[in-house]
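What follows is calculated from the coordinates using simple rules that are stated; it is not laboratory data. As the structure is a prediction and not an experimental result, all values here were calculated from the model. Quick reminder, even Gly has a Cβ in these numbers, built from the backbone with ideal geometry, and neighbours come from all protein chains shown.
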Amino acid sequence: MTMPKPVAIDLTDDELVLMVQSLNEYFGSAKRADSVLAPIIGLPRTEDFDSFVERIIEALESKEPLFDLDWARALFLTEIAWASDLVGSGLDFATNIRDEKALPLLRSIQRKISNYNRFALLRDNFLRPPPDTPPPAVV
């Protein structure tokens, strides 16, 4: 079995800014989503979410290569932070990048990062509850 290696993706400075600002939203208006998003990106504990996001932000700011799974996670979290008002920042997105510029940037980032392999890594690392776990009560 081949060990995965970090992959460099040539993102523009504007694309990196959008990703970093999006990820920073998880320390602001999107903070409420930690417990929802942690298992989706494969983190066993909600408490690990902040350190994971910090690590990805630092790597992006330094233009370091990331493992494919981390690229998938970074893209997914960027999409959620920017677009979702339910679990991201959505309408409260605190950035100086206007929607008219952010959407084309996001599409460009998606074209560069998104592929089936990264989707499969994200899917396969999703922490599902055990099959015998009852659904949460609805109040």
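For Cα Rg over 2.2 N^0.38 Å, computed directly from the structure shown, the correct entry in (i) 1.14; (ii) 1.07; (iii) 1.01 is (ii).
Among the trypsin sites (Lys or Arg not before Pro) within the range 1-96, those in coil by DSSP and having at most 15 neighbouring Cβ atoms inside 10 Å are ARG45, LYS63.
Taking amide H as placed 1.01 Å from N in the peptide plane, VAL7 has its amide H under 5 Å from the amide H of LEU66, PHE67, ASP68, each at least 5 places away in sequence or on another chain.
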